[in-house]
Amino acid sequence: MGFVSKRRKKKVVFVSIMFMVLISAIVYALMKRGLDELKHVYIINISADIAGMLMAFVLYNSCIVDVQKSGKNLKFLLLLINVAFIGLFSDSIAWLVDGIPALRWLNILDNTVYYICAPVEACLFWLYTTSYLGLSDKIVTRFTYVVQIGLIISILFCVINLFTGFYFVVGPDGIYHRNPKYIFSMVYAFFTIISSLVIVTYERKRLERYQLIVFYVYAFAPFLVGILTALVYGLSLGALIIMLDILLIYCVLNVSQGREKAVADRELDLAARIQENVLPRIFPPFPERDEFDLYASMTPAREVGGDFYDFFMIDEDHLGLVIADVSGKGIPAALFMMITKALLKNQTMYSKSHDPGRILTKTNEQLCENNKVELFVTTWIGILTISTGELRYANAGHEYPAVRRAGESFEIIKEKHSPPLATFEGLKFFTGSTVLNPGDMLFIYTDGVAEATNEEKEMFGIDRMLSTLNEKADEELKAIDTHLRDKISEFVGEAPQFDDITMLCLKYFGTDSSLENK
């Protein structure tokens with residue numbers, strides 16, 4: 001990912017401002033109440049909470065930057081940071097208002113929020129753990145439902161406490177008193193965290209030892225600190241310890257993920273370079289031929305793409321043209337792309353009949369033989385007889401081509417469609433035919449052109465594509481390609497590119513014989 005959308009930017013700015021406003025509010029309230037009015041242990045607690053909130057501010061923005069650079073899914077970690085921040089904020093408020101009768105109502109509401117934070121944090125820890133381990137089997141999915149239902153019940157009990165005082169009460173003097181039954185408020189959190197550790201232990205082969213330790217530290221550190229602080233009346237460092245645990249999670253677990261991603265990035269970079277070398281990139285491709293000109297380009301949505309184009313001389317009088325779009329993205333699509341490209345070229349080069357439909361039929365049989373990944377590929381293939389301008393073509397579920405007759409405008413030419421290659425065996429593909437006269441142009445493309453989408457979810461569309469092509473129709477082919485790409489980029493704005501964008505444009509100048517025939 002090379003950018004952050006406007007919506008995400010606004011969200012980041014809003015959350016960051018809220019973090020700083022709430023931290024400033026705590027500092028102001030602390031000064032307003034006066035250090036002399038608070039017990040020393042209260043000041044320690046509030047100071048620890050402020051330190052934890054500042055840590056949350058830095059962590060949140062670090063995670064956003066990490067997501068921007070690496071594309072990692074840190075959704076649950078971000079939510080965990082936000083909830084831990086709320087826990088720290090509510091803890092500091094509780095110490096600031098404790099013993100003030102006029103703010104008894106705030107003390108009650110604030111402690112209710114504080115009690116709710118614990119089960120929410122436990123649920124998010126479960127979701128982060130399963131997400132980090134990449135678990136999505138039925139047992140984990142069903143247990144996730146149990147965890148979520150348990151969270152709702154736990155929150156409901158915290159709300160009921162407002163009327164029953166089952167967990168805590170705040171007396172008329174404004175002082176908080178914990179009910180001996182408050183321990184029940186921790187049952188859900190304890191159960192969920194232990195369940196997370198069971199999953200981690202069971203899946204330990206997926207983790208390094210230090211990664212395993214981090215998960216255990218998150219579970220047991222607050223418990224051990226709770227025992228320690230119980231020996232000092234009023235000392236409350238649990239919220240800070242949770243934030244330190246989250247910092248440890250980010251620094252250790254995500255750094256290790258970053259190291260793994262660095263290796264994957266090197267592999268993707270190598271795959272991208274291989275793919276770049278597979279596609280013809282030198283233009284004009286046949287400088288010795290003056291009967292035609294062509295230009296093509298491909299911009300992958302990811303490091304490697306599933307689209308491809310190809311062109312090659314079959315013999316002195318026949319030019320092969322191919323454009324295709326493999327379903328899926330990334331490495332699997334790129335590998336399938338290279339296989340398909342090789343098969344199509346081989347079939348075309350050795351096809352004596354120059355029949356595109358027959359070429360697709362043979363290629364489809366080969367692709368279906370061992371298609372365990374169940375990918376398919378839309379394909380348009382054409383064979384141009386250079387001496388006459390006859391263009392024979394076949395379309396396997398691909399976009400309709402656009403043709404511009406000399407001096408006119410680009411128009412979509414709709415011909416018979418067949419299913420994409422590798423969908424199922426036994427397909428027969430239709431061969432169509434047209435004639436290109438001198439000055440005519442052919443434009444073929446993948447669906448990433450017309451389906452490029454802006455932030456308002458509006459697609460670029462075929463009509464806009466044709467209009468853009470016609471604006472520069474009399475210029476060089478590279479200029480036409482660049483102009484269309486610029487228009488697509490301008491239209492899309494900061495919205496992410498979800499599909500590869502591939503285009504090939506051919507202009508037929510004809511031969512002396514074709515000019516005489518015209």
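The values are calculated or read from the model by the stated rules, or taken from the named source; none is laboratory data. Treat the numbers as computed from the prediction; the structure is a model and nothing was measured. We place every Cβ from the backbone using ideal geometry, glycine too, and count neighbours over all the protein chains shown.
Taken residue by residue, segment 383-393 has no member that is more than 25 Å from Tyr295 (Cβ to Cβ) and either in a helix (DSSP H, G or I) or touching a residue at least 60 places away in the same chain (Cβ under 8 Å) (or both). Taken over segment 401-425, the residue count meeting the criterion of being assigned to a loop (DSSP other than H, G, I, E, B) and in contact with an Asp or Glu (Cβ under 7 Å, 6 or more places away or on another chain) is 3. If I filter segment 55-73 down to residues being hydrophobic (A, V, I, L, M, F, W, C) and surrounded by 15 or more Cβ atoms within 10 Å (Cβ to Cβ), which single residue comes out as modelled with the lowest pLDDT? Residue satisfying both the conditions and the ranking: Val67.
The number of residues in segment 12-48 being surrounded by fewer than 13 Cβ atoms within 10 Å (Cβ to Cβ) and among the hydroxyl-bearing types (Ser, Thr, Tyr) comes to 2.
Among the residues examined, Phe166 qualifies as among the aromatic types (Phe, Trp, Tyr) and not in a helix (DSSP H, G or I).
Remark: pairs (first residue in segment 267-292, at pLDDT below 90; second residue in a helix (DSSP H, G or I) and surrounded by 15 or more Cβ atoms within 10 Å (Cβ to Cβ); Cβ separation under 7 Å; 6+ apart in sequence or on different chains) = Ala271/Ile331; Ala271/Ala334; Gln275/Ala334; Val278/Met338; Val278/Lys341.
Contact annotation: residue pairs with Cβ atoms under 7 Å, 6 or more positions apart or on different chains, pairing a residue in segment 11-24 that is touching a residue at least 24 places away in the same chain (Cβ under 8 Å) with a partner that is surrounded by fewer than 17 Cβ atoms within 10 Å (Cβ to Cβ) and not hydrophobic (A, V, I, L, M, F, W, C), are Ser16/Asn61. The residues of segment 493-518 that are within 26 Å of the chain's Cα centre (by Cα) and either buried (at least 19 other Cβ atoms within 10 Å of the Cβ) or at pLDDT below 85 (or both), listed by number, are Glu494, Ala495, Pro496, Gln497, Phe498, Asp499, Asp500, Ile501, Thr502, Met503.
Residues considered: Ser136, Ser154. Of these, the only one that is of a type in the set (Ser, Thr, Tyr) and not in a helix (DSSP H, G or I) is Ser136. Of the residues making up segment 426-458, not one is exposed (fewer than 14 other Cβ atoms within 10 Å of the Cβ), within 26 Å of the chain's Cα centre (by Cα) and outside any loop (DSSP other than H, G, I, E, B). In segment 35-55, is there at least one residue being hydroxyl-bearing (Ser, Thr, Tyr) and free of Cβ contacts under 8 Å to residues at least 40 places away in the same chain? Yes.
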